[in-house]
1. Tell me, what is the FRET efficiency for residue 93 and residue 144 to the nearest 0.05, using R0 = 25 angstrom and their Cβ-Cβ distance as r?
2. Separation between the residue 257 and residue 198 pseudo-spin-labels, each 7 Å from Cα along Cα→Cβ, expressed in nm?
3. Can you give the helix-only mean residue ellipticity at 222 nm for the chain, where every DSSP H stretch with n ≥ 4 adds -39500 (n - 2.57) and the sum goes over all residues, rounded to the nearest 500 deg cm²/dmol?
4. Sort 44, 213 by accessible area with a 1.4 Å probe, largest first.
5. What FRET efficiency comes out for residue 190 versus residue 235 if R0 is 30 angstrom and r is the Cβ-Cβ distance? Round to the nearest 0.05.
6. For the range 6-247, which whole-number percentage of the solvent-accessible area (1.4 Å probe, protein heavy atoms only) is attributable to carbon and sulfur atoms?
7. For labels at residue 47 and residue 210 in the simple 7 Å Cα→Cβ model, what's the distance in nm?
8. Using a 1.4 angstrom probe on the protein heavy atoms only, line up 195, 35, 70 by accessible area, largest first.
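The values are calculated or read from the model by the stated rules, or taken from the named source; none is laboratory data. Here the structure is a predicted model, which means the values were calculated and not measured. Cβ atoms come from the backbone with ideal geometry, glycine included; neighbour counts cover every protein chain shown. These accessible areas exclude ligands, DNA and RNA; they are computed on the full protein's heavy atoms, side chains included. Shrake-Rupley method; radii C 1.70, N 1.55, O 1.52, S 1.80 Å.
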Amino acid sequence: MNAVATAVVTGAGSGIGAVIARHAGKAGYRVACWDVDEAAAEATAESIGDVATSRRVDVTSEDSVVAGYDALDTPPTLVVNNAGLVRFGPLATLSVADWQAALAVNLTGTFVVARHGAVRMGVGQQGSAGGTIVNISSINGIAAAPNGGAYTATKAAVIRLTEQMALEWAAAGVRVNCVAPGLINAGMSDAIYADPEIRRLRQGQVPLGELGTAEQVADAVMFLASPGAAYITGQTVAVDGGITVAALARMARPKSVDSVGADPEQEVS
Ligand SMILES: NC(=O)c1ccc[n+]([C@@H]2O[C@H](COP(=O)([O-])OP(=O)(O)OC[C@H]3O[C@@H](n4cnc5c(N)ncnc54)[C@H](O)[C@@H]3O)[C@@H](O)[C@H]2O)c1
């Protein structure tokens, strides 16, 4: 990696974003910690050290995003669109204001930060330097959930937006991938897992048997940013302990059906 490679992490002031920023710092990036919460971004940057800077950047404001990029010493080589907002609730009563708020941060914010990052990586120019963008979706973007509200639709759109960006920017050497965290014991889910019974019930639904961590999400982000992922673009990686492939896990099955076609000599209990 280039010694002055710069990573931009949005929503770096809290939860998963703070851990991604720290992992990027450990991986040798200069890290720009962006958050609408200036003090939180500053705290993350301080925890990383001299290679990190912080800035109040509101991803819903194009002017704020452009000013953030203009303040960097070097163009970004990695952009992580992590800032996110939940607006859960029944669709029948969800206000348009809440819908718009989630859309503005989760989808429009991802678009604006990525497009200005991509242009600085060289999209649309001769001799593009290239780079990597990782968008953070959610398992709510893969499957609907009770009272998912606007969150589900915005996170699904982030997955398709990732594919569109990957297709359009591949020729410039800009890879774009997506990470869809599952039941993560961090950040915006802290309130959920403060309830031990909810925690136990949710853990029981995860094939790997436990909640995920912000570190596991950050590991996936850093892999997608690394040379090891040089031939991967447009993909969504679910970091979810298998929960999105478990739709049929609790379906009742008679034993007689499971043994149809099996070799009686090879029967497994
Ligand atoms: N924690 C989970 O269980 C979980 C699961 C799946 C997906 N995710 C996704 O991971 C990402 C990080 O979530 P988290 O759990 O760390 O949440 P969090 O609430 O702890 O952190 C989100 C950060 O985004 C910042 N932010 C909000 N609006 C912003 C704006 N307009 N501009 C800039 N920054 C803004 C907040 O200030 C906050 O620091 C989000 O995209 C979220 O949807 C989280």
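1. Working: r = 17 Å, r/R0 = 0.67.
FRET efficiency, residue 93 to residue 144: 0.90.
2. 3.4 nm
3. Working: 10 runs with 101 residues, N = 269.
Calculated mean residue ellipticity at 222 nm is -11000 deg cm²/dmol.
4. Working: 44 5, 213 55 Å².
These residues rank, largest area first, as 213, 44.
5. Details: r = 29 Å, r/R0 = 0.96.
For R0 = 30 Å, the calculated efficiency reads 0.55.
6. Details: 5970 of 10940 Å².
Carbon plus sulfur share of accessible area: 55 percent.
7. For the pair residue 47/residue 210, the computed spacing is 2.0 nm.
8. Numbers: 195 65, 35 20, 70 105 Å².
The ranking, largest first, comes out as 70, 195, 35.
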